[in-house]
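What follows is a short report on a single structure.
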Amino acid sequence: MLDAPDTAVLAVNLGTPETPTAPAVRRYLAEFLSDRRVVAIPPLLWKPLLFGLILPLRSGRSAAKYAQVWLPEGSPLMVYTRRLAQAMQDLMPTLRVRHAMRYGAPALGAELDRLAAEGVRRVVVLPLYPQYSTTTTASIEDQVRDWQPRHPAVTVTLVRDYAVDPEWVAAVADSIRQWWQQHGRGERLVFSFHGIPQRLADAGDPYPQRCEASAQAIAQALGLDDNAWTLTYQSRFGREKWLQPYAEPTLWAMAESGVKRIDVVCPGFATDCLETLEEVALGFTETVAARGAQMRYIPCLNDAPAHALALSRLSIAALA
């Protein structure tokens, strides 16, 4: 595609604990929940609550959840991100393709340092968040902006959003279509995106509009009528109002209204992770079954060839 030995693509995912243990989860959550993009409470008020109450209570519970989905090679998010980066490297052999995490290891800053030390002069930073949000992509952008002045010889280009990129949309739609061919099609398709607090959307975060655009584009690619699919949001934390409709209560309502087979897909996640595998594939499936219906989870794109190709072409376009 491009002969550029001084150019690199850095695919950046959210992050993951190194092991499914309480100490490792505590270290990971401490970094994640200390990001002001994630929790906007002033540190003087937030840090005592975080370290004195939330981490001691949440670390052990979260570690048990991670243990349920942990793969022989490690955390699903890490395993699939690494495989995806390798698949992209195979498609772009004259570039350097690496992966990094915003929180945890391999750290974004350290990977940028390593590329600069290797003589790389152009880097495309590709956040593995299809839909832009101030809570995710902007946090990566912050770190890149802090890093850049120390390395003026390196040009960094950030891919901010690919919510309606045609090749990515086609890859998601094809994955759903192939899953239906193997398992049969449910009565309804539910898109479940990670939620954010409603106050962030009210303040101008474009994330809900980007999620809606993705869902619309994928549904259109599948040829679905409006009454055949539903958009929802999952993974809310705390007591404040988050984006609605909430995923699990929506699924319950469908089951209780007589819908017997529901398919759920999570196109806001590039790779499967705790939120898709434990929360959705295990948790939602169980609670929907208790209400007399069957919920089937359609996996993320992960390291599928169509996913690697779409992101590789997106990266090349960013260099133009």
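The values are calculated or read from the model by the stated rules, or taken from the named source; none is laboratory data. Treat the numbers as computed from the prediction; the structure is a model and nothing was measured. The protein model used for the area step is the full one, side chains on, heavy atoms only, and it has no ligands, DNA or RNA in it. Shrake-Rupley method; radii C 1.70, N 1.55, O 1.52, S 1.80 Å.
When Rg and Dmax are taken over the Cα atoms of region 179-320, they come to 15.8, 53 Å.
Computed over region 1-158, the percent of Cα pairs more than 21 Å apart is 51. Computed 3J(HN,Hα) for region 177-193, one whole-Hz value per residue from the Karplus formula 6.51 cos²θ - 1.76 cosθ + 1.60 where θ = phi - 60°, is 4, 5, 5, 5, 4, 7, 10, x, 9, x, 6, 9, 10, 10, 8, 10, 9, glycine and proline marked x.
Stokes-Einstein diffusion for region 19-83, with the hydrodynamic radius set to the Kirkwood value over Cα pairs and evaluated at 4 °C in a medium of 1.567 mPa s, equals 101 µm²/s. Grouping the Cα pair distances of region 72-141 into 5 Å bins from zero gives a pair-distance distribution of 3, 15, 22, 26, 22, 10, 2, 0 percent in increasing distance order. Reported value for the chain: 142 Å³ per residue, from the convex hull of its C-alpha atoms. Three principal axis extents of region 59-107 based on alpha-carbon atoms, in descending order, are 44, 20, 10 Å. In the context of the full set of protein chains, residues of the chain present 44 Å² of accessible surface per residue (probe radius 1.4 Å, heavy atoms only).
In terms of its C-alpha gyration tensor, region 191-260 comes out oblate, because a/c is 1.5 or above while a/b does not outweigh b/c.
Along each principal axis, taking the top coordinate minus the bottom one, the Cα set of region 76-191 gives 54, 32, 26 Å in descending order.
A cut-off of 5 Å between modelled amide H atoms, ignoring neighbours fewer than 5 places along the same chain, links T155 with R122, V123.
In region 172-290, the portion of solvent-accessible area held by carbon and sulfur atoms comes to 47 percent [1.4 Å probe, whole percent, DNA, RNA and ligands not counted]. Convex hull volume per residue, computed on the Cα atoms of region 31-121, equals 130 Å³. Entry note: region 257-320 has Rg to Rh equal to 1.17, where both radii use alpha-carbon atoms and Rh is the Kirkwood radius. Measuring nothing but protein heavy atoms, the accessible surface of region 44-123 at 1.4 Å probe radius is 59 percent carbon and sulfur. Compute a Gaussian network model of the chain, connecting alpha carbons closer than 10 Å, and tell me which residue from G186, G74, G238 fluctuates the most. Judging by the Gaussian network model, the answer is G238.
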